[in-house]
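One structure is given below, encoded as C-alpha coordinates.
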Amino acid sequence: MRTLTRIRTRRFTPFIPFALITSATLLLTACGSGPTGTGTAEAAATSDAIPTTDVVSSVKKDDAAAELLPSGVTGLTVGLSVGGTPPGTGYLADGKTLAGQDVDFTHAVAHVLGIEVTTEQASFEAILPALDSGKYDFGVSNFGVTTERLKTIDFVTYINDGQGFATREDSKLSKITDLRQLCGLNVATGAGTTFEATLEENKHVCADAGETAYKVQTYSEQGAIWSSLQQGRSDIVMSTINGLRYAVAHQEGVKFLNEYHRLDVGFAFKKGTELAPAFQAAVNSLIADGTYARILKKWGTTGSAITKSEISPPER
(Lines give C-alpha, C1' and ligand atoms only; values in the text may rest on other atoms or scores of the structure.)
Protein backbone atom coordinates (compact mmCIF):
# COMPACT_ATOMS: atom_id res chain seq x y z
CA MET A 1 0.00 0.00 0.00
CA ARG A 2 1.41 3.34 -0.96
CA THR A 3 0.82 7.00 -0.17
CA LEU A 4 0.82 8.96 -3.42
CA THR A 5 0.45 12.57 -4.36
CA ARG A 6 -0.35 12.30 -8.04
CA ILE A 7 -1.79 10.01 -10.67
CA ARG A 8 0.58 8.43 -13.11
CA THR A 9 0.24 5.68 -15.69
CA ARG A 10 3.15 3.40 -16.48
CA ARG A 11 2.92 1.85 -19.93
CA PHE A 12 4.59 -1.53 -20.32
CA THR A 13 3.04 -2.41 -23.67
CA PRO A 14 3.11 -0.52 -26.98
CA PHE A 15 0.09 1.31 -28.29
CA ILE A 16 -2.12 -0.91 -30.42
CA PRO A 17 -4.38 0.94 -32.86
CA PHE A 18 -8.04 0.26 -32.22
CA ALA A 19 -8.50 -0.94 -35.77
CA LEU A 20 -6.31 -3.89 -34.87
CA ILE A 21 -7.70 -4.72 -31.46
CA THR A 22 -11.30 -4.78 -32.64
CA SER A 23 -10.66 -8.34 -33.78
CA ALA A 24 -9.56 -9.38 -30.31
CA THR A 25 -11.61 -10.57 -27.39
CA LEU A 26 -12.29 -8.68 -24.24
CA LEU A 27 -10.00 -9.17 -21.26
CA LEU A 28 -9.39 -12.88 -20.94
CA THR A 29 -11.16 -13.62 -17.67
CA ALA A 30 -14.26 -15.24 -16.35
CA CYS A 31 -16.98 -13.18 -14.84
CA GLY A 32 -20.16 -12.74 -12.91
CA SER A 33 -22.95 -14.60 -11.34
CA GLY A 34 -26.46 -13.32 -11.07
CA PRO A 35 -28.97 -12.41 -13.76
CA THR A 36 -28.57 -13.91 -17.18
CA GLY A 37 -29.85 -10.85 -19.02
CA THR A 38 -29.07 -10.42 -22.67
CA GLY A 39 -28.19 -6.71 -22.53
CA THR A 40 -24.48 -7.27 -22.31
CA ALA A 41 -22.58 -5.76 -25.21
CA GLU A 42 -25.35 -4.34 -27.31
CA ALA A 43 -24.74 -0.65 -26.75
CA ALA A 44 -20.97 -0.92 -27.11
CA ALA A 45 -21.47 -2.88 -30.31
CA THR A 46 -23.18 -0.02 -32.08
CA SER A 47 -19.92 1.74 -32.92
CA ASP A 48 -16.32 0.84 -33.68
CA ALA A 49 -15.17 3.76 -31.55
CA ILE A 50 -14.27 3.34 -27.90
CA PRO A 51 -16.95 5.16 -25.89
CA THR A 52 -15.64 8.40 -24.39
CA THR A 53 -18.64 9.74 -22.48
CA ASP A 54 -17.44 11.08 -19.12
CA VAL A 55 -19.46 9.32 -16.43
CA VAL A 56 -16.89 9.54 -13.65
CA SER A 57 -15.49 13.04 -13.09
CA SER A 58 -18.65 14.29 -11.37
CA VAL A 59 -18.55 11.56 -8.72
CA LYS A 60 -18.26 13.05 -5.24
CA LYS A 61 -16.35 11.77 -2.23
CA ASP A 62 -18.42 9.71 0.18
CA ASP A 63 -17.06 10.49 3.63
CA ALA A 64 -18.66 7.44 5.22
CA ALA A 65 -16.98 5.12 2.70
CA ALA A 66 -13.66 6.98 2.91
CA GLU A 67 -13.60 6.58 6.69
CA LEU A 68 -13.37 2.81 6.18
CA LEU A 69 -9.93 3.13 4.57
CA PRO A 70 -6.94 2.16 6.71
CA SER A 71 -5.40 5.18 8.41
CA GLY A 72 -3.05 7.22 6.22
CA VAL A 73 -4.09 5.80 2.85
CA THR A 74 -4.27 8.56 0.24
CA GLY A 75 -3.34 6.61 -2.89
CA LEU A 76 -3.09 3.07 -4.23
CA THR A 77 -1.41 1.24 -7.11
CA VAL A 78 -3.56 -0.93 -9.36
CA GLY A 79 -2.42 -3.67 -11.73
CA LEU A 80 -4.36 -3.62 -14.99
CA SER A 81 -4.15 -5.65 -18.18
CA VAL A 82 -4.65 -3.79 -21.45
CA GLY A 83 -5.48 -4.90 -24.96
CA GLY A 84 -9.15 -5.73 -25.20
CA THR A 85 -12.10 -4.38 -27.13
CA PRO A 86 -14.91 -2.50 -25.40
CA PRO A 87 -15.84 -3.00 -22.64
CA GLY A 88 -12.26 -4.17 -22.08
CA THR A 89 -9.38 -1.77 -21.59
CA GLY A 90 -7.67 -0.16 -24.58
CA TYR A 91 -6.14 3.13 -25.68
CA LEU A 92 -7.90 6.11 -27.14
CA ALA A 93 -6.62 7.61 -30.39
CA ASP A 94 -3.90 9.56 -28.59
CA GLY A 95 -2.14 6.29 -27.75
CA LYS A 96 -1.84 7.38 -24.12
CA THR A 97 -5.26 7.52 -22.52
CA LEU A 98 -6.64 4.24 -21.19
CA ALA A 99 -10.35 3.62 -21.55
CA GLY A 100 -12.60 0.73 -20.59
CA GLN A 101 -15.20 -0.40 -18.12
CA ASP A 102 -12.61 -1.41 -15.51
CA VAL A 103 -10.90 1.96 -15.90
CA ASP A 104 -14.17 3.77 -15.22
CA PHE A 105 -14.94 1.64 -12.18
CA THR A 106 -11.46 2.15 -10.79
CA HIS A 107 -11.59 5.92 -11.14
CA ALA A 108 -15.18 6.11 -9.86
CA VAL A 109 -14.23 4.22 -6.69
CA ALA A 110 -11.17 6.45 -6.29
CA HIS A 111 -13.42 9.53 -6.43
CA VAL A 112 -15.77 8.06 -3.84
CA LEU A 113 -12.88 7.30 -1.49
CA GLY A 114 -11.00 10.52 -2.18
CA ILE A 115 -7.77 8.76 -3.16
CA GLU A 116 -5.46 8.81 -6.15
CA VAL A 117 -4.61 5.79 -8.27
CA THR A 118 -1.41 4.81 -10.04
CA THR A 119 -2.09 2.46 -12.94
CA GLU A 120 0.58 -0.09 -13.83
CA GLN A 121 0.05 -2.38 -16.79
CA ALA A 122 0.84 -6.06 -16.63
CA SER A 123 -0.20 -9.27 -18.33
CA PHE A 124 -3.45 -10.68 -17.04
CA GLU A 125 -1.84 -13.80 -15.57
CA ALA A 126 0.83 -11.77 -13.70
CA ILE A 127 -1.47 -9.50 -11.70
CA LEU A 128 -2.90 -11.83 -9.04
CA PRO A 129 0.49 -13.30 -8.02
CA ALA A 130 1.88 -9.76 -7.72
CA LEU A 131 -0.73 -8.83 -5.10
CA ASP A 132 0.88 -11.07 -2.51
CA SER A 133 4.27 -9.44 -3.01
CA GLY A 134 2.77 -5.98 -2.56
CA LYS A 135 3.67 -4.82 -6.06
CA TYR A 136 0.04 -3.80 -6.54
CA ASP A 137 -2.46 -2.81 -3.88
CA PHE A 138 -5.27 -4.24 -5.97
CA GLY A 139 -5.93 -5.66 -9.42
CA VAL A 140 -8.75 -4.94 -11.83
CA SER A 141 -9.03 -6.95 -15.02
CA ASN A 142 -12.46 -8.58 -14.93
CA PHE A 143 -11.25 -11.17 -12.44
CA GLY A 144 -13.79 -13.91 -11.81
CA VAL A 145 -14.36 -15.04 -8.23
CA THR A 146 -13.54 -18.75 -8.05
CA THR A 147 -13.10 -21.18 -5.18
CA GLU A 148 -9.45 -21.66 -6.12
CA ARG A 149 -8.69 -17.95 -6.25
CA LEU A 150 -10.43 -17.33 -2.93
CA LYS A 151 -7.71 -19.37 -1.24
CA THR A 152 -5.21 -16.56 -1.79
CA ILE A 153 -7.22 -13.55 -2.98
CA ASP A 154 -9.93 -11.34 -1.49
CA PHE A 155 -12.50 -9.85 -3.85
CA VAL A 156 -14.92 -6.95 -3.77
CA THR A 157 -17.56 -7.59 -6.41
CA TYR A 158 -18.72 -4.90 -8.85
CA ILE A 159 -20.26 -6.70 -11.83
CA ASN A 160 -21.16 -10.11 -13.22
CA ASP A 161 -20.15 -11.69 -16.49
CA GLY A 162 -19.27 -15.26 -17.31
CA GLN A 163 -17.99 -17.95 -19.58
CA GLY A 164 -19.34 -18.30 -23.08
CA PHE A 165 -18.57 -19.78 -26.48
CA ALA A 166 -18.27 -18.49 -30.04
CA THR A 167 -17.38 -20.17 -33.31
CA ARG A 168 -17.29 -19.64 -37.07
CA GLU A 169 -20.59 -18.87 -38.73
CA ASP A 170 -20.37 -21.98 -40.92
CA SER A 171 -19.82 -24.28 -37.94
CA LYS A 172 -22.42 -26.92 -37.14
CA LEU A 173 -21.81 -26.38 -33.44
CA SER A 174 -24.78 -25.12 -31.46
CA LYS A 175 -25.40 -24.28 -27.83
CA ILE A 176 -22.74 -25.80 -25.56
CA THR A 177 -24.39 -27.16 -22.42
CA ASP A 178 -21.95 -29.98 -21.69
CA LEU A 179 -18.19 -29.95 -22.25
CA ARG A 180 -18.50 -33.40 -23.81
CA GLN A 181 -19.78 -31.56 -26.86
CA LEU A 182 -16.19 -30.29 -27.28
CA CYS A 183 -14.61 -33.74 -27.45
CA GLY A 184 -12.26 -34.02 -30.41
CA LEU A 185 -12.24 -30.27 -31.01
CA ASN A 186 -9.59 -27.55 -30.68
CA VAL A 187 -10.67 -24.94 -28.13
CA ALA A 188 -8.95 -21.53 -28.13
CA THR A 189 -8.84 -19.49 -24.93
CA GLY A 190 -6.66 -17.13 -22.88
CA ALA A 191 -3.64 -18.23 -20.87
CA GLY A 192 -4.01 -18.06 -17.11
CA THR A 193 -7.79 -17.59 -17.20
CA THR A 194 -10.70 -19.36 -15.56
CA PHE A 195 -11.59 -20.62 -19.04
CA GLU A 196 -8.31 -22.50 -19.26
CA ALA A 197 -8.80 -23.85 -15.73
CA THR A 198 -12.36 -25.00 -16.47
CA LEU A 199 -11.30 -26.74 -19.66
CA GLU A 200 -8.25 -28.44 -18.14
CA GLU A 201 -10.13 -29.61 -15.05
CA ASN A 202 -12.83 -31.23 -17.12
CA LYS A 203 -10.83 -32.91 -19.87
CA HIS A 204 -11.63 -36.23 -18.28
CA VAL A 205 -15.26 -36.03 -19.44
CA CYS A 206 -14.20 -37.11 -22.91
CA ALA A 207 -12.19 -40.11 -21.72
CA ASP A 208 -15.02 -41.01 -19.36
CA ALA A 209 -17.34 -41.08 -22.36
CA GLY A 210 -14.85 -43.07 -24.47
CA GLU A 211 -14.24 -40.13 -26.78
CA THR A 212 -11.15 -38.23 -27.95
CA ALA A 213 -10.21 -35.41 -25.58
CA TYR A 214 -10.56 -31.82 -26.73
CA LYS A 215 -7.34 -29.83 -27.11
CA VAL A 216 -6.95 -26.61 -25.14
CA GLN A 217 -5.10 -23.96 -27.15
CA THR A 218 -4.01 -21.04 -24.97
CA TYR A 219 -2.89 -17.63 -26.20
CA SER A 220 -1.52 -14.61 -24.37
CA GLU A 221 -2.28 -12.28 -27.28
CA GLN A 222 -6.00 -11.83 -27.65
CA GLY A 223 -5.95 -11.22 -31.39
CA ALA A 224 -4.27 -14.61 -31.82
CA ILE A 225 -7.36 -16.34 -30.46
CA TRP A 226 -9.57 -14.99 -33.21
CA SER A 227 -6.94 -15.54 -35.88
CA SER A 228 -6.74 -19.16 -34.82
CA LEU A 229 -10.51 -19.52 -35.15
CA GLN A 230 -10.79 -17.66 -38.45
CA GLN A 231 -7.91 -19.63 -39.98
CA GLY A 232 -9.34 -22.98 -38.89
CA ARG A 233 -6.65 -23.93 -36.37
CA SER A 234 -9.31 -23.75 -33.66
CA ASP A 235 -12.90 -24.92 -33.78
CA ILE A 236 -14.35 -22.81 -30.99
CA VAL A 237 -13.47 -19.95 -28.63
CA MET A 238 -14.20 -19.83 -24.90
CA SER A 239 -14.06 -16.37 -23.33
CA THR A 240 -16.12 -13.71 -21.55
CA ILE A 241 -19.78 -13.34 -22.41
CA ASN A 242 -19.57 -9.58 -22.85
CA GLY A 243 -16.35 -9.77 -24.84
CA LEU A 244 -17.59 -12.49 -27.15
CA ARG A 245 -20.80 -10.66 -27.92
CA TYR A 246 -18.90 -7.51 -28.79
CA ALA A 247 -16.31 -9.35 -30.85
CA VAL A 248 -18.78 -11.26 -33.00
CA ALA A 249 -20.71 -8.05 -33.64
CA HIS A 250 -17.58 -6.59 -35.21
CA GLN A 251 -16.31 -9.56 -37.23
CA GLU A 252 -17.71 -11.28 -40.25
CA GLY A 253 -18.02 -15.03 -40.28
CA VAL A 254 -18.29 -15.68 -36.53
CA LYS A 255 -21.23 -16.22 -34.19
CA PHE A 256 -21.92 -16.22 -30.47
CA LEU A 257 -23.19 -19.59 -29.28
CA ASN A 258 -24.29 -19.18 -25.68
CA GLU A 259 -23.51 -18.36 -22.10
CA TYR A 260 -22.07 -21.36 -20.29
CA HIS A 261 -21.38 -20.39 -16.67
CA ARG A 262 -21.59 -17.18 -14.65
CA LEU A 263 -19.27 -15.95 -11.91
CA ASP A 264 -19.01 -12.86 -9.74
CA VAL A 265 -16.32 -10.40 -10.81
CA GLY A 266 -14.45 -8.15 -8.46
CA PHE A 267 -11.53 -5.96 -7.53
CA ALA A 268 -8.78 -8.33 -6.39
CA PHE A 269 -6.68 -7.90 -3.23
CA LYS A 270 -4.14 -9.82 -1.20
CA LYS A 271 -5.85 -12.19 1.22
CA GLY A 272 -6.72 -10.46 4.47
CA THR A 273 -6.70 -6.94 3.01
CA GLU A 274 -8.00 -4.05 5.10
CA LEU A 275 -9.13 -2.25 1.94
CA ALA A 276 -12.14 -4.46 1.19
CA PRO A 277 -14.76 -2.73 3.40
CA ALA A 278 -13.98 0.69 1.89
CA PHE A 279 -14.14 -0.63 -1.69
CA GLN A 280 -17.40 -2.44 -0.96
CA ALA A 281 -18.91 0.74 0.45
CA ALA A 282 -17.66 2.69 -2.57
CA VAL A 283 -19.26 0.32 -5.07
CA ASN A 284 -22.53 0.40 -3.14
CA SER A 285 -22.36 4.21 -3.12
CA LEU A 286 -21.98 4.19 -6.91
CA ILE A 287 -24.98 1.89 -7.21
CA ALA A 288 -27.05 4.15 -4.98
CA ASP A 289 -26.23 7.44 -6.73
CA GLY A 290 -26.78 6.14 -10.26
CA THR A 291 -23.14 6.28 -11.40
CA TYR A 292 -23.01 2.50 -11.56
CA ALA A 293 -25.91 2.32 -14.01
CA ARG A 294 -24.35 5.06 -16.15
CA ILE A 295 -21.05 3.17 -16.40
CA LEU A 296 -22.80 -0.02 -17.47
CA LYS A 297 -24.94 1.84 -20.00
CA LYS A 298 -21.84 3.47 -21.48
CA TRP A 299 -20.17 0.09 -22.05
CA GLY A 300 -23.30 -1.82 -23.04
CA THR A 301 -23.16 -4.22 -20.10
CA THR A 302 -26.42 -3.53 -18.28
CA GLY A 303 -27.21 -7.25 -18.31
CA SER A 304 -24.22 -7.76 -16.02
CA ALA A 305 -25.44 -5.46 -13.23
CA ILE A 306 -25.38 -6.44 -9.57
CA THR A 307 -27.62 -4.98 -6.87
CA LYS A 308 -25.02 -4.85 -4.11
CA SER A 309 -21.30 -5.43 -3.69
CA GLU A 310 -20.00 -8.36 -1.65
CA ILE A 311 -16.66 -9.22 -0.09
CA SER A 312 -15.26 -12.59 -1.22
CA PRO A 313 -18.57 -14.39 -1.83
CA PRO A 314 -18.38 -18.12 -2.55
CA GLU A 315 -18.20 -19.23 -6.17
CA ARG A 316 -21.72 -19.63 -7.50
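The values are calculated or read from the model by the stated rules, or taken from the named source; none is laboratory data. Being a predicted model, the structure only gives us computed values, none of them experimental. When we count neighbours, we look across all protein chains shown, and the Cβ atoms used for this are built from the backbone with ideal geometry, even at glycine.
I need a count of the residues in segment 153-195 that are under 18 Å from the mean Cα position of the chain (by Cα) and either modelled with pLDDT of 95 or more or surrounded by 24 or more Cβ atoms within 10 Å (Cβ to Cβ) (or both).
Number satisfying all stated conditions: 20.
Inside segment 186-215, can you point out the residues that are in contact with a strand residue (DSSP E or B) (Cβ under 6 Å, 6 or more places away or on another chain), more than 30 Å from F269 (Cβ to Cβ) and either in a loop (DSSP other than H, G, I, E, B) or outside the structural domain of A249 (by TED's automatic domain parsing) (or both)?
Answer for segment 186-215, where residues must be in contact with a strand residue (DSSP E or B) (Cβ under 6 Å, 6 or more places away or on another chain), more than 30 Å from F269 (Cβ to Cβ) and either in a loop (DSSP other than H, G, I, E, B) or outside the structural domain of A249 (by TED's automatic domain parsing) (or both): just Y214.
Are any of the residues in segment 156-168 out of contact with any Asp or Glu (no Cβ under 9 Å at 6 or more places or on another chain), in contact (Cβ under 8 Å) with a residue 40 or more places away in the chain, under 24 Å from K297 (Cβ atoms) and of a type in the set (V, I, T)?
Within segment 156-168, not a single residue is out of contact with any Asp or Glu (no Cβ under 9 Å at 6 or more places or on another chain), in contact (Cβ under 8 Å) with a residue 40 or more places away in the chain, under 24 Å from K297 (Cβ atoms) and of a type in the set (V, I, T).
Across segment 261-293, what is the number of residues that are part of a helix (DSSP H, G or I), surrounded by fewer than 18 Cβ atoms within 10 Å (Cβ to Cβ) and not hydrophobic (A, V, I, L, M, F, W, C)?
2
Of these, Q222, Q217, which one is at pLDDT 95 or above, crowded, with 18+ Cβ neighbours inside 10 Å and not small (G, A, S)?
Details: Q222 fails: at pLDDT 95 or above.
Among Q222, Q217, only Q217 is at pLDDT 95 or above, crowded, with 18+ Cβ neighbours inside 10 Å and not small (G, A, S).
For segment 156-183, which residues satisfy the criterion of being of a type in the set (S, T, Y) and farther than 26 Å from N284 by Cβ?
T167, S171, S174, T177 - these are the residues of segment 156-183 that are of a type in the set (S, T, Y) and farther than 26 Å from N284 by Cβ.
Pairs under 6 Å by beta carbon, first residue closer than 22 Å to T240 by Cβ in segment 121-140, partner part of a helix (DSSP H, G or I) and small (G, A, S), six or more apart or different chains?
These pairs meet every condition: Y136/A130.
Can you name every residue in segment 134-176 that is in a strand (DSSP E or B), in contact with a Pro (Cβ under 8 Å, 6 or more places away or on another chain) and hydroxyl-bearing (S, T, Y)?
So the first thing to find is which residues in segment 134-176 are in a strand (DSSP E or B), and the list is 138-139, 144, 153-160, 163-168.
Among the residues that remain, those that are also in contact with a Pro (Cβ under 8 Å, 6 or more places away or on another chain) are: 155, 157, 160.
Within segment 134-176, just T157 meets the criteria.
Listed here are the residues, each with its yes/no results for (1) at pLDDT 95 or above; (2) hydrophobic (A, V, I, L, M, F, W, C); (3) under 18 Å from the mean Cα position of the chain (by Cα); (4) outside the structural domain of Q222 (by TED's automatic domain parsing).
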{"residue": "T40", "(1), (2), (3), (4)": "no, no, yes, yes"}
{"residue": "A65", "(1), (2), (3), (4)": "yes, yes, no, yes"}
{"residue": "L69", "(1), (2), (3), (4)": "yes, yes, no, yes"}
{"residue": "L80", "(1), (2), (3), (4)": "yes, yes, yes, yes"}
{"residue": "D94", "(1), (2), (3), (4)": "no, no, no, yes"}
{"residue": "G100", "(1), (2), (3), (4)": "no, no, yes, yes"}
{"residue": "D104", "(1), (2), (3), (4)": "yes, no, yes, yes"}
{"residue": "I115", "(1), (2), (3), (4)": "yes, yes, no, yes"}
{"residue": "A126", "(1), (2), (3), (4)": "no, yes, yes, yes"}
